[in-house]
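**Q** For reference, the structure I am asking about is given below.
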Amino acid sequence: MKSVLLLIPVAAALTLGACRKPPEAQTEAQRARAVTVVRLEAKPIQGSLTASGDLVAREEAAVLPEVTGYRVIRVLADVGDSVRAGQPLVMLEPALLDAQIAQARAQAAQAEDQARRVGELDGRGVLSDEQIAQRRFQAQAAAANLRALTIQRSKLSVTAPVSGLVLEKTVRPGDMAAGGQPWFRLARDGQVELSADLAEDDLARVKPGQAASVTLPGGAVVTGRVRLVSPLVDTQTKLGEARITLPVRPDVRVGGFGRAVFGDLAAQVPAVPETAVRYDADGAAVMVVGADNRVKRVAVQTGSRGGGLVQITKGPPLGSRVVANAGALFLEGDLVRPSDVAPAAQPSPKAAK
């Protein structure tokens, strides 16, 4: 009897299990993951053109002594000083020249006195016309020599040819004035520019007067203006130069390195959001969703960037549907359920500045 009672629950359990339906297997379409896609389209990339280069003086002036053979007694300027045109920078020893001027002044006075006295004898037959002319010539020569020495004396004060910032100084007290290496290098008016190198194609997109944001070595960003675009392109590197005038400020230093982002540019190029490009060991790629809604990896080459967009210089054709989030993991051939095409990222107002 006890055995019969034990078999009743087991039989009931088997009966209930037989009534349950096995779970239905999901189709591939049902298993497909939803994904947001964007289309590869021609879009404007604001501020996409960048270039790097060195900070250089807009116009450089060299300071050298105009007289040689005199010793430096005082140096009146140093690197980093702002000087004005005509300001004394170096003083040379005047003692020797002062003695020569004193002697020349005496000789000029004597020659002038002799010329005056022979002038009173003119026409009296005491001296020949040739002797009288010679005395007058000697007086003129002595006066001219005095003037030359006086001018030379003024050159013992070596002055700044232009107003500007002292970039380099090589002179020291005790040095002998001689030709050759400049004693000072000045940046005229303290004006510094970025000499930016651009590819030949990019050079055509830059115009004088165009705004550019320049990042300085210290990380600060200043706004400059393109002053000139070189008409020449280097035959070896195929690079041309654009000069960007920068504001006068202490952290804009000649010899530093700068990076410019040019504003007012809106080139229409094939582009997708930066989030759509994935990078792996095989390089950059996008995941393209085909007409059958299956995913395919397509290698790409990227170009300019700006405002959250990246240019696709080589890759799938325009109009292709691309997975918007490159971080989503898909295998080649996966079936997906693409959502409505999401609007691509647009450049922010800051990117254009």
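The values are calculated or read from the model by the stated rules, or taken from the named source; none is laboratory data. Since the structure is predicted, the reported quantities are computational estimates derived from the model, not experimental observations. As a convention, Cβ positions derive from the backbone with ideal geometry for all residues, glycine included, and neighbour counts pool all protein chains shown.
Let's see how each residue does on (1) surrounded by fewer than 16 Cβ atoms within 10 Å (Cβ to Cβ); (2) modelled with pLDDT under 90:
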site	(1), (2)
Gly218	yes, yes
Leu228	yes, no
Arg243	no, no
Pro247	yes, no
Val289	no, no
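**Q** With respect to the numbered conditions (1) at pLDDT 90 or above; (2) not assigned by TED's automatic domain parsing to the domain that holds Ala211, which one is the sole condition not fulfilled by Gly333?
**A** Here Gly333 clears every test but (1).
**Q** (1) in a loop (DSSP other than H, G, I, E, B); (2) without any contact (Cβ under 8 Å) to a residue 12 or more places away in the chain: which one isn't true of Pro247, the others all being true?
**A** Exception for Pro247: condition (2).
**Q** Identify, by number, the condition in (1) surrounded by 17 or more Cβ atoms within 10 Å (Cβ to Cβ); (2) at pLDDT 95 or above that Ala177 doesn't meet.
**A** Status for Ala177: all satisfied but (2).
**Q** Within the set of pairs 6+ apart or on separate chains, which have a first residue in the stretch 127-149 that is closer than 15 Å to Ala106 by Cβ and at pLDDT 75 or above, a second that is of a type in the set (Lys, Arg) and surrounded by 15 or more Cβ atoms within 10 Å (Cβ to Cβ), and C-beta atoms under 6 Å apart?
**A** Sorted first by the residue in the stretch 127-149, then by its partner, the pairs are Leu146/Arg105.
**Q** Got a number for residues in the stretch 274-318 being more than 30 Å from the chain's Cα centre (by Cα) and among the hydroxyl-bearing types (Ser, Thr, Tyr)?
**A** So the count comes out to 0.
**Q** May I pose another question? In the stretch 156-202, what residues are of a type in the set (Ser, Thr, Tyr) and over 30 Å from Val229 (Cβ atoms)?
**A** Once the filter is applied, which keeps residues that are of a type in the set (Ser, Thr, Tyr) and over 30 Å from Val229 (Cβ atoms), the stretch 156-202 yields Ser157, Thr159, Thr170.
**Q** Taking the residues in the stretch 80-100 that are over 18 Å from Lys169 (Cβ atoms) and surrounded by 14 or more Cβ atoms within 10 Å (Cβ to Cβ) as candidates, determine which candidate is nearest to the chain's Cα centre (by Cα).
**A** In this case the residue turns out to be Glu93.
**Q** Further, regarding this structure: Out of (1) part of a loop (DSSP other than H, G, I, E, B); (2) touching a Ser or Thr at 6+ places or on another chain (Cβ under 7 Å); (3) β-branched (Val, Ile, Thr), the odd one out for Thr68 is which?
**A** Failed condition: (2).
**Q** Oh, and also: Residues that are farther than 28 Å from Leu246 by Cβ: which strands (runs of 3 or more DSSP E) entirely in the stretch 149-220 hold 2 or more of them?
**A** 157-159
**Q** In the stretch 191-202, is there at least one residue being within 25 Å of the chain's Cα centre (by Cα), surrounded by fewer than 16 Cβ atoms within 10 Å (Cβ to Cβ) and either farther than 30 Å from Leu239 by Cα or among the hydrophobic types (A, V, I, L, M, F, W, C) (or both)?
**A** yes
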